[in-house]
């Protein structure tokens, strides 16, 4: 009997549905699937209150762990042939619950020397978050063998509006009856089951060497060069803001709240003003950077980790 463990945190339930769809064609035929849901202590609310959403920025970006409910003894006592790790991206970084788990003693116990497939669902920018994920997995000795990224396919500024509507209202519907539904499309969610067969084949044969190539062939990863550039630049600027704000005190501290307010306005400015400028720069450098973009696309589509 092959054992698969699905570890995840899904604030809205969207990611859990995706994971269930992937698992449809993995479970059974001598393959057993167990689930471990990461439950933060205290839980993150949904929908978000805007002030709490922005106040989560420094700890999210700086990957500061927090407490969570420990895995059961039943989960910890098993060994696994594969771990599927489902996560969201918060502020260009794996979410606080996922980061907290990966920095805990339980992560090494469950993932060390174990094949891991990461599956994420997010708005659009995930490249640098996955690089951080690769490093976290490397530290605990896990073996990343596959990665699937399901994203909101609408243009950047439309998805900003729709995701904000979803996060702050809790409704995954068409904002004002005009905008598209937020998040990963219903079609992409339902078709996530296509990733199950190649994953199951790899588990049964205990051979994961070609799994990522098969995932790519199924359009499990799409690299958009402009977003790669925006993501890198965003990480540089977020680092400055996060390190500044976290020095102002704990969440709710008035001094910190003032700077969170400044950051909120910066974020809006970055989305609506800086991002279009970055796009113009991207267009200007499109031909000169063609070779590097081709290299970047191959790397970011893979499960490899660059050496520092």
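The values are calculated or read from the model by the stated rules, or taken from the named source; none is laboratory data. Since we're looking at a predicted model, the values are computed, not measured. We place every Cβ from the backbone using ideal geometry, glycine too, and count neighbours over all the protein chains shown.
Restricting to helices (runs of 4 or more DSSP H) lying wholly in region 253-308: which have 1 or more residues that are surrounded by 12 or more Cβ atoms within 10 Å (Cβ to Cβ) and modelled with pLDDT of 85 or more?
Qualifying helices (runs of 4 or more DSSP H): 254-269, 290-300.
Go through region 237-252 and count every residue that is surrounded by fewer than 16 Cβ atoms within 10 Å (Cβ to Cβ) and within 22 Å of the chain's Cα centre (by Cα).
Matching residues across region 237-252 total 4.
When the residues of region 175-187 are filtered to those that are surrounded by fewer than 17 Cβ atoms within 10 Å (Cβ to Cβ) and touching a residue at least 12 places away in the same chain (Cβ under 8 Å), which remaining residue is farthest from residue 120 (Cα to Cα)?
So, considering only residues that are surrounded by fewer than 17 Cβ atoms within 10 Å (Cβ to Cβ) and touching a residue at least 12 places away in the same chain (Cβ under 8 Å), the one farthest from residue 120 (Cα to Cα) is 179.
Looking at this structure, is residue 204 touching a strand residue (DSSP E or B) at 6+ places or on another chain (Cβ under 8 Å) and more than 28 Å from residue 160 (Cα to Cα)?
Numbers: touching a strand residue (DSSP E or B) at 6+ places or on another chain (Cβ under 8 Å): yes; more than 28 Å from residue 160 (Cα to Cα): yes.
So residue 204 passes the test.
With respect to residue 164, is the statement that it is loosely packed, with under 15 Cβ neighbours inside 10 Å and touching a helix residue (DSSP H, G or I) at 6+ places or on another chain (Cβ under 9 Å) true? Walk me through it before giving the result.
Details: loosely packed, with under 15 Cβ neighbours inside 10 Å: no; touching a helix residue (DSSP H, G or I) at 6+ places or on another chain (Cβ under 9 Å): yes.
Against the criterion (loosely packed, with under 15 Cβ neighbours inside 10 Å and touching a helix residue (DSSP H, G or I) at 6+ places or on another chain (Cβ under 9 Å)), residue 164 does not qualify.
Restricting to region 36-47, and then to whatever is over 18 Å from the mean Cα position of the chain (by Cα) and closer than 16 Å to residue 166 by Cβ, can you tell me which residue is surrounded by the most Cβ atoms within 10 Å (Cβ to Cβ)?
Going through the qualifying residues, I end up with 47.
Is region 58-69 home to any residue that is more than 29 Å from residue 234 (Cα to Cα), outside the structural domain of residue 236 (by TED's automatic domain parsing) and either in contact (Cβ under 8 Å) with a residue 60 or more places away in the chain or buried (at least 22 other Cβ atoms within 10 Å of the Cβ) (or both)?
Within region 58-69, none of the residues are more than 29 Å from residue 234 (Cα to Cα), outside the structural domain of residue 236 (by TED's automatic domain parsing) and either in contact (Cβ under 8 Å) with a residue 60 or more places away in the chain or buried (at least 22 other Cβ atoms within 10 Å of the Cβ) (or both).
So which residues in region 123-161 are farther than 29 Å from residue 207 by Cα and buried (at least 18 other Cβ atoms within 10 Å of the Cβ), if there are any at all?
Correct list: 123, 124, 125, 152, 154, 156, 159, 160.
Would you please list the contacts, defined by Cβ atoms under 6 Å and residues six or more apart or on different chains, that run from a residue in region 247-265 that is not assigned by TED's automatic domain parsing to the domain that holds residue 55 to a residue that is part of a loop (DSSP other than H, G, I, E, B) and surrounded by 12 or more Cβ atoms within 10 Å (Cβ to Cβ)?
Short answer, once both residue conditions are applied: 255/248; 255/249; 256/248; 256/249; 259/248.
Collect the residues in region 164-186 that are over 13 Å from residue 14 (Cα atoms) and not in a loop (DSSP other than H, G, I, E, B), keeping them in residue-number order.
164, 165, 168, 169, 175, 176, 177
Condition test on residue 108, is it within 17 Å of residue 8 (Cα to Cα), out of contact with any strand residue (DSSP E or B) (no Cβ under 8 Å at 6 or more places or on another chain) and part of a helix (DSSP H, G or I)?
yes
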